[in-house]
Structures are given as structure tokens and as C-alpha cells.
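The values are calculated or read from the model by the stated rules, or taken from the named source; none is laboratory data. Here the structure is a predicted model, which means the values were calculated and not measured. Cβ placement follows ideal geometry from the backbone for every residue including glycine, while neighbour counts extend to all protein chains displayed.
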Amino acid sequence: MNAKEFAAAAGLGEVIGAIAEASAEIATKIRLAGLSDIYGAAGAVNVQGEAQQKLDVFANDVMIAKLGAVAECAAIVSEEDDEPVVFDHPGAKFVAIFDPLDGSSNIDVNVNVGTIVSIQAVKGDATATALQPGTAQVAALYVVYGPSTVMVVALAEKEGVAFFTLDDKGEFVLTAEGVKMPEQGPYYSTNEANAASWPAVYREYVATLVKGELGGKAYGARYIGSLVADFHRTILKGGVFLYPPTEKAPKGKLRLLYEANPLALIAEKADGAAVNGRTRILEVVAEQVHERTPLIVGSKREVEALQQMVLKAG
Ligand code: AHG
Ligand code: MN
Ligand code: MN
Ligand code: MN
């Protein structure tokens, strides 16, 4: 079974099929990056204030072209576009909200990057649809472009998450379903260069993990700097990824609608958890499509321990 067939039961076959086609094209571009002029900056600054990379633009264009050809897709919201891109698809049922290329700082050094997609059912115009809380998502998925290209999909109506591997014919073939993540893990994953500017409770939390005070386990540290890659390791091995508030990003760096929400749905479907510190990510109501959030996501044991410490700290 491929990703399109798997999603068909939820009425999402065409939408996820288009994302699978786009991801296969992005995977090929990444694999042959050194042979085409796809490394480096595109020359523009996006709405995030980031220097857009050529692969950000390529991935965004491919995602928009593929989803723009699907009658069920009403519109898209992208990290790379200030405003939603609305298609002329009367009666379309879904909006795709995505980060077309996650981990852009890793493109030129041949380290795993990804694509992250949240799918909401149309409710009002494209912006109103996208601003629905994460609990309303009908599906969420990510693709990690690494030694192999893997797609991980969570459907709102199913427990567990499904894994697909891109084969040499360009198909994402099902390799596992109903997958759950370990209760507790061996790793914590964060950019410790920011530790001095975190709220103190986050430093205390990491110290308890390092000292083995959470369930007697001494943790290792792993940080790739691509959210998708750090999350993928976390869902497979267990543990916690955290991007706390910093002085530079007091509301957090990661984006709620197309980074935190989809990964939070996937984590919860795998019996994990995701909070912004105090609150379950999926219950946060966004005010604008590019808003940022702190993100602590991973095994239930670690995430709940952090949430308790933050609530206790007041
Ligand atoms: P994007 O490339 O889509 O803008 O996302 C980058 C994000 C995320 O992938 C990663 O976890 C984080 O930026 C890394 O941030 P730092 O370099 O500040 O650690
Ligand atoms: Mn970016
Ligand atoms: Mn990203
Ligand atoms: Mn991105």
C-alpha cells in the first residue's frame, strides 16, 4: 500500500497523493543538489525575516503546483508566503498548511531536511480554516529527506502513526502502521547555546534530565538543527525535543500552524505529548498564520515533567 491509498479511506487520497508526488520531486532535487544550482540563498527575505534558500523556493513551488491541481484542495498556507494561496476549486474540502523545506540551514551541508504539512477541513476562508486549533486537524504528516526518504502520517480518525519509505519508483510504500513512541527516551534535544536566555525553569529541567533525576535515566544529548530530523529520532527512540522561549524569540522560534501543530498531532497519536510550556499545543488558538510558539514535544514522561515544572514555577 502507498501513502495515497492509505489516506483514501479518510477522503485524503488526492491531497496526500499530491504531497507524496511533490515530496518525491523534492527528494530527487536534494539527492542531486550538487549537480544543479540549488544550493545557497535565493536572494529574497521571506515573511519570517529569513534569507530564503533556493531549495525553500523550489520546494514551495512544487508543493503549490501539485496541490493546486487537486480539486479537494481549496488553498494552501506556507511558511514561504505572506498570504494564503487560494485555488479556484469550488466545493473543495481541505486547506494544506505547510513548511515546504524545514531545516534550511542544513541544506548546503548535506544534513537531513524535511517537509511538514498540517491539513484542516475548510471552515470559512483560507485564513480562518488555517487558524483553527490543532485539535481540528484532519491529518498531519512530515517527510524526512535523509539516507532514505521517509514519510510519517497521522490521521485524526486513527490511533498510531504510519511510516512510508520512498522506493526507487517514486512511491511512498507503507512500512509500518499503528506505531507508538517509547514512554521515555534516552535523549534530550535542544540548542543549548540559547540556555542562558531561557526562562530559568528550562535550565533546571535540562539539569534534572542530565543528572538522571527523571526515572533514574541519565540522558544523552542529540541536536541536528532540523526540527523534522530531531523529531523523527525522538518518535523512534523516545525522549524530548525542546525549543524554549529565548531573549531573541520570547514567543519561541518555531511556527505554531505548520511546525508545532502537525508534529503535536503526530506525537499524540503515537502516545506522546506536546506543550508550549504550560498548555497543550493542540489547544492553542492562533491569532495569525505565521505566529511562533515555544515547543516541547516527545515522550509523555518528559513532556509532562516539563509542564509540571513550568506550572509550579508560576
Ligand atoms: P526552517 O528551516 O523551516 O525555517 O526551520 C528551521 C527551524 C527548525 O528546523 C530547527 O529546529 C530550528 O529552526 C533550528 O533553530 P536554531 O538554529 O536556532 O537552533
Ligand atoms: Mn525558514
Ligand atoms: Mn521549519
Ligand atoms: Mn522552512
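Yes/no matrix, rows are residues, columns are (1) more than 16 Å from ligand 4 (Cβ to nearest atom); (2) of a type in the set (G, A, S); (3) modelled with pLDDT of 95 or more; (4) farther than 22 Å from N191 by Cα:
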| position | (1), (2), (3), (4) |
| --- | --- |
| D82 | no, no, yes, yes |
| L101 | no, no, yes, no |
| D108 | no, no, no, no |
| N112 | no, no, yes, no |
| I116 | no, no, yes, no |
| I119 | yes, no, yes, yes |
| P133 | yes, no, yes, yes |
| T149 | yes, no, yes, yes |
Tally time: how many residues in the stretch 273-314 are touching a Gly at 6+ places or on another chain (Cβ under 6 Å) and small (G, A, S)? 2
K217 meets each of (1) more than 23 Å from V144 (Cα to Cα); (2) modelled with pLDDT of 95 or more; (3) among the charged types (D, E, K, R) with one exception, condition (2)
Breaking point among (1) farther than 22 Å from I30 by Cα; (2) within 13 Å of ligand 1 (Cβ to nearest atom), for I116: (1)
Mind listing just one residue for me: the one in the stretch 86-113 that is away from ligand 1 (no atom under 16 Å from the Cβ) and touching a residue at least 24 places away in the same chain (Cβ under 8 Å) and, of those, nearest to the chain's Cα centre (by Cα)? V95
Filtered residue count, the stretch 237-286, keeping only those that are within 16 Å of ligand 3 (Cβ to nearest atom), surrounded by fewer than 21 Cβ atoms within 10 Å (Cβ to Cβ) and part of a helix (DSSP H, G or I): 0
Could you figure out which of (1) more than 13 Å from ligand 2 (Cβ to nearest atom); (2) assigned to a helix (DSSP H, G or I); (3) surrounded by fewer than 17 Cβ atoms within 10 Å (Cβ to Cβ); (4) touching a residue at least 60 places away in the same chain (Cβ under 8 Å) isn't true of G34? (4)
Matching entry among V228, V206 (being away from ligand 3 (no atom under 16 Å from the Cβ) and either surrounded by fewer than 24 Cβ atoms within 10 Å (Cβ to Cβ) or in a helix (DSSP H, G or I) (or both)): V206
For the stretch 287-308 the number of residues that are of a type in the set (A, V, I, L, M) and part of a strand (DSSP E or B) is 3
With respect to E157, determine if the residue is in contact (Cβ under 8 Å) with a residue 40 or more places away in the chain, of a type in the set (D, E) and out of contact with any Lys or Arg (no Cβ under 7 Å at 6 or more places or on another chain). yes
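More than 25 Å from G146 (Cβ to Cβ) and at pLDDT below 95: which single residue out of G91, G49, G68, G11 fits that description? Reasoning before the result, please.
Working: G91 fails: at pLDDT below 95; G68 fails: at pLDDT below 95; G11 fails: at pLDDT below 95.
Being more than 25 Å from G146 (Cβ to Cβ) and at pLDDT below 95 holds for just one of G91, G49, G68, G11, which is G49.
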State all residues of the stretch 3-27 that are of a type outside the set (F, W, Y) and either exposed (fewer than 14 other Cβ atoms within 10 Å of the Cβ) or more than 17 Å from T115 (Cβ to Cβ) (or both); if no residue qualifies, say none. E5, A8, A9, A10, G11, G13, E14
For the stretch 162-185, does any single residue satisfy the condition of being within 16 Å of ligand 4 (Cβ to nearest atom) and in contact with a helix residue (DSSP H, G or I) (Cβ under 6 Å, 6 or more places away or on another chain)? no
